[in-house]
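Report on one structure; see the data block that follows.
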Amino acid sequence: AIPPKIGRLRAVANWIKREPFGTIGAFLILMMVFVSVAAPVLGTSDPMGFGMDILQPPSGDHFFGTDRTGKDLWSRVLYGGRISLKIGIATVLIGTFAGTVLALMAGFLGGFVDFILGRITDILFAIPAFLLALTLSTSLGNDIPDLPGIPSGEFVVIIAISVGFMPGIFRIMRGLVLEQRGTQYVEAAEVTGASPVRIMVRHILPNMAGLLIVATSITLPAAILTESALSFLGAGVPPGSPSWGADLSGAARTYMIRAPWLAIFPGLALSLTVFGFNIFGDALRDTLDPRLRGKI
């Protein structure tokens, strides 16, 4: 018998061989996560600290150059990855959780519950996700207190983007719940007297895991882009915080001809991260979607 570890390594090797672009995406994601987490030991300084070296080009002292206030761009790009990834991941987790729970309720219970949740979703769908996030972000302001590890400004952005992405997750998951609702194993569980909550959690939800993973991996880059766009417009993270979107606005637009590195490096970090999540999500979809397995 093949030891479990050898079997898992062989499965990973086969996936890498079958999905080379997905492997590249996974590598880009891991690289961006690593440099963001390890930012304090990668030759960075205070990302919000002012300096005397103003608009200096990339050099040995400042790998990505400096901005008009002397801030080290290398430090801001690495620490900005922390904020962008944290907001993106938290947004997707909250939006996916809320959308999935509501989809289970609507699809399984049906009737009046399905009607009310469906109409609420239709209302949210009528508003573009970015416009909804922008409206909520500007209206909530600083009324929400700080949470452990998440300042109020970041939490407002997380909630605003989550509300915008939740209807899409709801629609996808509701369709799958309706599909699973009529299967024999659900009917058998109902005959044995299992409660609706038990059927949803123990029987239907595990069969949604593959689609949940795919939906999460595809939604995450969109959430990161939305956070960057909000910060670009000044409605995202608090002013001065290291953020790829914030660093692409303001001075980057004003001094783009004179100091192109102000736009190149934050934009490159954002593009690589979004590209990595996109191609990794496509590979996961091809792997986990049973309708596509025969085509691989």
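Hey, any hits in region 61-72 for a residue that's outside any helix (DSSP H, G or I), of a type in the set (Gly, Ala, Ser) and without any contact (Cβ under 8 Å) to a residue 12 or more places away in the chain? So far as region 61-72 goes, no, none of its residues is outside any helix (DSSP H, G or I), of a type in the set (Gly, Ala, Ser) and without any contact (Cβ under 8 Å) to a residue 12 or more places away in the chain.
Here are MET105, MET52: which of them is open to solvent by 40 Å² or more (accessible area, probe 1.4 Å) and part of a helix (DSSP H, G or I)? Result of the check over MET105, MET52: MET105. Mind listing just one residue for me: the one in region 116-145 that is more than 22 Å from PHE97 (Cβ to Cβ) and open to solvent by 50 Å² or more (accessible area, probe 1.4 Å) and, of those, modelled with the lowest pLDDT? My answer is ASN142. Inspect all residues belonging to region 235-245 and state whether any of them is out of contact with any Leu (no Cβ under 7 Å at 6 or more places or on another chain), open to solvent by 10 Å² or more (accessible area, probe 1.4 Å), in a helix (DSSP H, G or I) and not charged (D, E, K, R). No: region 235-245 contains no residue that is out of contact with any Leu (no Cβ under 7 Å at 6 or more places or on another chain), open to solvent by 10 Å² or more (accessible area, probe 1.4 Å), in a helix (DSSP H, G or I) and not charged (D, E, K, R).
Of all residues in region 70-86, at least one satisfies being open to solvent by 30 Å² or more (accessible area, probe 1.4 Å), modelled with pLDDT under 90 and within 24 Å of the chain's Cα centre (by Cα). Just wondering, is there one or more residues in region 24-38 that are open to solvent by less than 20 Å² (accessible area, probe 1.4 Å), over 19 Å from TRP244 (Cα atoms) and under 25 Å from the mean Cα position of the chain (by Cα)? Among the residues of region 24-38, at least one is open to solvent by less than 20 Å² (accessible area, probe 1.4 Å), over 19 Å from TRP244 (Cα atoms) and under 25 Å from the mean Cα position of the chain (by Cα), which makes the answer yes. Got at least one residue in region 265-286 being assigned to a helix (DSSP H, G or I), modelled with pLDDT under 80 and closer than 30 Å to GLN180 by Cβ? The answer is yes, given that some residue of region 265-286 is assigned to a helix (DSSP H, G or I), modelled with pLDDT under 80 and closer than 30 Å to GLN180 by Cβ.
The values are calculated or read from the model by the stated rules, or taken from the named source; none is laboratory data. It should be emphasised that the depicted structure is a prediction, and the values quoted were computed from it without experimental measurement. Neighbour counts run over all protein chains shown; Cβ positions are idealised from the backbone, glycine included. With ligands, DNA and RNA removed, areas are computed over all heavy atoms of the protein, side chains included. Shrake-Rupley method; radii C 1.70, N 1.55, O 1.52, S 1.80 Å.
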